[in-house]
Amino acid sequence: MKKPSSKIRDEIAKLQEQLKQAETREAERIGRIALKAGLGEIEIEETELHAAFEDLVMRFRGGQGGVISTGRKRNTGEGGGPASTTTLAPGAAQGSSGEA
């Protein structure tokens, strides 16, 4: 049995609200972490900050090696050298436009 379009629209609206709430929770969590790390104290262009966050995402998704999400070095078989890191200056989270 097919659902009427009005019921589907209602379900979509509920899901959009759930998505908005989830994104808000995630943004608040990331914002708190960024502030604790000192990112609220520096001035940085939003495009630079966005690029730095993209680099961080790649690092933790495995695109560049480095440290896994537990904070431990990955076993890359390279003799235990330091993991690659992306350094963000404190305060880089300032100027966000509400995007997560």
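Values quoted throughout were computed directly from the atomic coordinates according to the rules given, and no laboratory measurement underlies them. Model, not experiment: these values are computed from the prediction. Counting neighbours? That spans all protein chains shown, and the Cβs are built from the backbone with ideal geometry, glycine included.
Things worth noting here:
- Here K2 is the anchor, and the aspartates and glutamates within straight C-alpha reach of less than 18 Å, apart from those fewer than 8 places off in the same chain, are D10, E11.
- Spherically averaged projected area of the range 1-41 from its Cα convex hull (nm²): 3.5 nm²
- In order through the range 47-61: 3J(HN,Hα) via Karplus (6.51 cos²θ - 1.76 cosθ + 1.60), integer Hz, x for Gly, Pro: 5, 5, 5, 4, 4, 5, 5, 4, 4, 5, 4, 4, 4, 7, 8
- With K and R counted +1 and D and E -1, the other residues having a Cβ less than 12 Å from that of Q16 yield a net charge of -1.
- Charge tally for K3 (other residues, Cβ to Cβ under 14 Å; Lys, Arg +1; Asp, Glu -1): +2.
- Cross-link reach list, lysines versus K36, counting only Cα pairs under 29 Å and skipping chain neighbours closer than eight places: K20, K73
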